[in-house]
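Written below as structure tokens is the structure these notes are about.
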Amino acid sequence: QKEVEQDPGPLSVPEGAIVSLNCTYSNSAFQYFMWYRQYSRKGPELLMYTYSSGNKEDGRFTAQVDKSSKYISLFIRDSQPSDSATYLCAMSESVTGGGNKLTFGTGTQLKVEL
Amino acid sequence: DAGITQSPRHKVTETGTPVTLRCHQTENHRYMYWYRQDPGHGLRLIHYSYGVKDTDKGEVSDGYSVSRSKTEDFLLTLESATSSQTSVYFCAISAGNSPLHFGNGTRLTVT
């Protein structure tokens, strides 16, 4: 079993829809939770970053963390064609020297149709 | 792209040849990472560095070595490339307990 599970999709929604993306994890040592967006042939771009359980909102994006259930979600409101990308969840734990080791989900491919 | 430059952007090489990928940052961040991205596996950590000359292995380090002689540069070397190392390689940087920021990757094909 992978430490982080993410439905690969693809997920296709009409413009303006609410999108829900989810990940589950098994490692209790994970401390920080992130969502990255990756466009084709580009590097992952940080979207949301949170530490505690609960919700964090940034514009049309809301990240939700439930540590008791080991479950995180990303909601996108009023989805736009420009949101079409692969969304990666990531979770971090401390490593030697004080850095962060990120463990990623495999990514969910999202397409927002006009 | 958070001041990260990866070179080359694309490379085709033959099995058994040595290959070095370079990551250069202008942010003066202490931590640098090398990941590879493959279909069905997502991004996996190869090696990371927590300072000049300080490095450690990630989960898929076999067949790879790294060096960091300056804060701004982190090199990834494949001593003898194999077809299983065909992948997209991403460098990332961070400042302590903060999120990673990624470069735009190097697409490596080993024939």
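The values are calculated or read from the model by the stated rules, or taken from the named source; none is laboratory data. Here the structure is a predicted model, which means the values were calculated and not measured. Ideal geometry is used to build each Cβ from the backbone, glycine not excepted, and the neighbour counts take in all protein chains shown. Please note that ligands, DNA and RNA were not included when accessible areas were found on the heavy atoms of the full protein model with its side chains. Shrake-Rupley method; radii C 1.70, N 1.55, O 1.52, S 1.80 Å.
Things worth noting here:
- Flag for B:GLY63 being surrounded by fewer than 21 Cβ atoms within 10 Å (Cβ to Cβ) and within 10 Å of chain A (Cβ to nearest Cβ): no
- Residue check, A:GLN80 away from chain B (no Cβ under 14 Å) and either at pLDDT 95 or above or under 28 Å from B:ARG36 (Cβ atoms) (or both): yes
- Number of the exception - B:PRO99 against (1) within 14 Å of another protein chain (Cβ to nearest Cβ); (2) not in a loop (DSSP other than H, G, I, E, B): (2)
- Residue list for region A:62-82, filter: open to solvent by less than 60 Å² (accessible area, probe 1.4 Å) and either in contact (Cβ under 8 Å) with a residue 24 or more places away in the chain or not in a strand (DSSP E or B) (or both): A:ALA63, A:VAL65, A:LYS70, A:ILE72, A:SER73, A:LEU74, A:PHE75, A:ILE76, A:SER79, A:GLN80, A:PRO81
- Of all the listed residues (B:ASP38, B:ASP56, B:ASP62), the sole one being among the acidic types (Asp, Glu), closer than 26 Å to A:LEU47 by Cα and within 15 Å of the chain's Cα centre (by Cα) is B:ASP38.
- Residue in region B:74-83 that is polar (S, T, N, Q), at pLDDT 95 or above and under 10 Å from the mean Cα position of the chain (by Cα) present: yes
- Checklist (1) aromatic (Phe, Trp, Tyr); (2) within 23 Å of A:TYR49 (Cβ to Cβ); (3) without any contact (Cβ under 8 Å) to a residue 60 or more places away in the chain applied to B:TYR64, failing item: (2)
- Scanning region A:20-61 for residues that are among the charged types (D, E, K, R) and assigned to a strand (DSSP E or B), we see that the one that is least open to solvent (accessible area, probe 1.4 Å) is A:ARG37.
- Selection within region A:83-101 - part of a strand (DSSP E or B) and either within 10 Å of A:GLN31 (Cα to Cα) or without any contact (Cβ under 8 Å) to a residue 12 or more places away in the chain (or both): A:MET91, A:SER92, A:GLU93, A:SER94, A:ASN100, A:LYS101
- Of the listed requirements (1) more than 14 Å from the chain's Cα centre (by Cα); (2) more than 20 Å from B:GLY42 (Cβ to Cβ), A:ALA29 misses just one: (2).
- Cβ-Cβ under 6 Å pairs, at least 6 apart or on other chains, region B:1-25 side small (Gly, Ala, Ser), far side open to solvent by 50 Å² or more (accessible area, probe 1.4 Å): B:ALA2/B:HIS101; B:GLY3/B:THR26; B:GLY3/B:GLU27; B:SER7/B:ARG22; B:GLY16/B:SER80
- Single residue of region B:73-85 satisfying the filter (open to solvent by 50 Å² or more (accessible area, probe 1.4 Å) and in a loop (DSSP other than H, G, I, E, B)) that is farthest from the other protein chains (Cβ to nearest Cβ): B:SER80
- Scan of region B:26-45 for residues that are in contact (Cβ under 8 Å) with a residue 40 or more places away in the chain and not hydroxyl-bearing (Ser, Thr, Tyr), ordered by number: B:GLU27, B:ASN28, B:HIS29, B:ARG30, B:MET32, B:TRP34, B:ARG36, B:GLN37, B:ASP38, B:LEU43
- Some residue of region B:4-18 being farther than 20 Å from A:ASN100 by Cβ, of a type in the set (Val, Ile, Thr) and in contact with a His (Cβ under 7 Å, 6 or more places away or on another chain): yes
- Residue within region A:61-72 that is modelled with pLDDT of 90 or more and within 13 Å of chain B (Cβ to nearest Cβ) present: yes
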